[in-house]
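The values are calculated or read from the model by the stated rules, or taken from the named source; none is laboratory data. What you are looking at is a predicted structure, and each value in this text was computed from that prediction instead of being measured. Positions of Cβ are generated from backbone atoms using ideal geometry, with glycine treated the same way; all protein chains shown enter the neighbour counts. Each accessible area value is taken on the protein alone, full model and side chains, heavy atoms only, with ligands, DNA and RNA left out. Shrake-Rupley method; radii C 1.70, N 1.55, O 1.52, S 1.80 Å.
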Amino acid sequence: MQSVSVIGGGPAGAMVAERLAGGGAHVTVFEEKPGWEKPCGGGLPPQALRRYPFLLEASDPHRCVQDVELVAANSAAVRFTLRAPVAIYSRSTLSGSLLRRAEEAGAEVVQDRITNLSRQGSGWRLAGRLRSYEADFVVLAAGARTRLRRLLTEDLAARDFMLTFGYFVPGSDSLLRVQFFNDFEGYAWAFPRPDHLSVGICGKVGETRMSALRDRLDGFATKFGYTTVSAPVFSHLLPSLSVESWSSLRLAGPGWALVGDAGGLVDPVTGEGIYYAMRSGELLA
């Protein structure tokens, strides 16, 4: 039986592991921090909920939101109700739930960080912090910043990333709000989660600095009454591929494949990546 090692236990890695293990493959998922709280809005769009209805049916805490406000750079705003809800999860909750499904399907989850990959005959040797491992096939699902990508294919360029900054704000709300700005490739958001709000902003790497992102977001938070004093802060890079990078993207080769953020598979306009992570994992499996 072919052994498959999945590096990364987020939505992409958990989905490919669940589907492969459910089909009888021998699958190991390597995740150093199972169910960690990734900096992310956590929104699952209607197409994700249609394809994976268990996300709505889950007993895990999540919030379904249909009321949305879009705010233009000149402060003109429009509110509307979505025909179908967006489900908003804490990423810790979502990733933990998807990893449990993979385990229930028969995948083994190993709490170790893979730091290096090398060919060994027709298979692979994986160097972990705890020990080394062997596999016939490797799936890289370790996120946008993984240094392992360069061992398999070309690195993404700086122009292929968005920089995010934000706060986990205590409180409750039922409105999803997004604001745009003049001469700025990105937007600010407030996503209501079950027990707090994810209030953040993203901007193109190389075109904005962290200090400028923070200033814009603080203005957004003040304008709409989000209290960020003493709120936990997050920052992260997410893929937002250029046209040139899409045209040369290589996602698989002999004995390996990339899924989710590690492959750059994120909507380059909205930055939404959870659905594409899960779908790419499903398609690869």
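Values computed for the structure shown
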| read-out | value |
| --- | --- |
| Three principal axis lengths of segment 135-174 [C-alpha, angstrom, descending] | 47, 28, 15 |
| Expected-Rg normalisation [2.2 N^0.38 Å, Cα atoms] applied to segment 173-219 | 1.21 |
| Amide H within-cut-off set for GLY128, under 5 Å, with H built and near neighbours excluded | THR115, TYR133 |
| Under Karplus coefficients 6.51, -1.76 and 1.60, residue-wise ³J(HN,Hα) of segment 54-71 in Hz, glycine/proline x | 4, 5, 7, 7, 5, 7, 5, x, 7, 10, 9, 10, 10, 8, 10, 10, 9, 10 |
| Estimated inter-spin distance, MET210 and THR227, nm [label 7 Å along Cα→Cβ] | 2.7 nm |
| Gyration tensor over alpha-carbon atoms, segment 1-79, equivalent ellipsoid semi-axes in Å | 35, 15, 11 |
| Per-bin percent of Cα-Cα distances, the chain [5 Å] | 1, 6, 12, 16, 18, 16, 13, 9, 5, 3, 1, 0, 0 |
| Whole-Hz ³J(HN,Hα) from phi, Karplus 6.51 cos²θ - 1.76 cosθ + 1.60, for segment 145-156, glycine and proline x | 9, 4, 7, 6, 4, 5, 7, 10, 7, 5, 5, 6 |
| Euclidean distance of C-alpha centroids, segment 250-265 and segment 196-218, integer Å | 28 Å |
| Alpha-carbon radius of gyration plus Dmax, which is the widest Cα pair, for segment 22-131 in Å | 19.3, 61 |
| Where labels lie 7 Å past Cα in the beta-carbon direction, separation of ALA77 and LYS33 in nm | 3.3 nm |
| Amide H contacts of TRP256 (H built 1.01 Å from N, under 5 Å, at least 5 apart or other chain) | VAL138 |
| For peptides 67-78, 94-105, sequence by mean Cβ density within 10 Å, most packed first | 94-105, 67-78 |
| GNM flexibility winner over the chain from GLN120, GLN66, GLN179 (Cα, springs under 10 Å) | GLN120 |
| Cα-centre dipole for segment 88-135 with unit charges at Cβ (Lys and Arg positive, Asp and Glu negative), debye to 20 | 220 debye |
| Theoretical ellipticity at 222 nm over the chain - DSSP helices of four or more residues, -39500 (n - 2.57) apiece, nearest 500 | -7000 deg cm²/dmol |
| Beta bridges by DSSP in the chain, antiparallel share as percent, to the nearest 5 | 70 percent |
| Solvent-accessible ranking of THR93, THR227, largest area first, probe 1.4 Å | THR227, THR93 |
| P(r) histogram, all alpha-carbon pairs of segment 227-274 included - 5 Å bins from 0, percent | 5, 18, 21, 19, 13, 10, 6, 4, 4, 1, 0 |
| Ranked packing of 230-242, 246-258, most packed first, by mean Cβ within 10 Å | 230-242, 246-258 |
| Mean-position separation - Cα centroids, segment 88-129 and segment 143-166, in angstrom | 19 Å |
| Angle between the chain longest axis and helix 274-284 axis [Cα atoms, degrees, rounded to 10] | 20 degrees |
| Gaussian network model of the chain, Cα within-10 Å springs - most flexible of VAL229, VAL169, VAL266 | VAL229 |
| Accessible area per residue in Å² at 1.4 Å probe, computed on the chain | 46 Å² |
| DSSP-defined beta bridges in segment 74-220 - what % are antiparallel, rounded to 5 | 95 percent |
| Percent antiparallel among DSSP beta bridges (both partners in segment 1-119, rounded to 5) | 55 percent |
| Rounded FRET efficiency, nearest 0.05, which uses the C-beta distance separating ARG131 from LEU70 and R0 of 45 Å | 0.35 |
| With every protein chain in place, the chain: carbon and sulfur % of accessible area (1.4 Å) | 50 percent |
| Convex hull volume of segment 145-258 per residue (C-alpha atoms, cubic angstrom) | 137 Å³ |
| Kirkwood-based shape ratio for segment 70-133, expressed as Rg/Rh from alpha carbons | 1.30 |
| In order through segment 105-114: 3J(HN,Hα) via Karplus (6.51 cos²θ - 1.76 cosθ + 1.60), integer Hz, x for Gly, Pro | 7, x, 6, 9, 9, 10, 8, 8, 9, 7 |
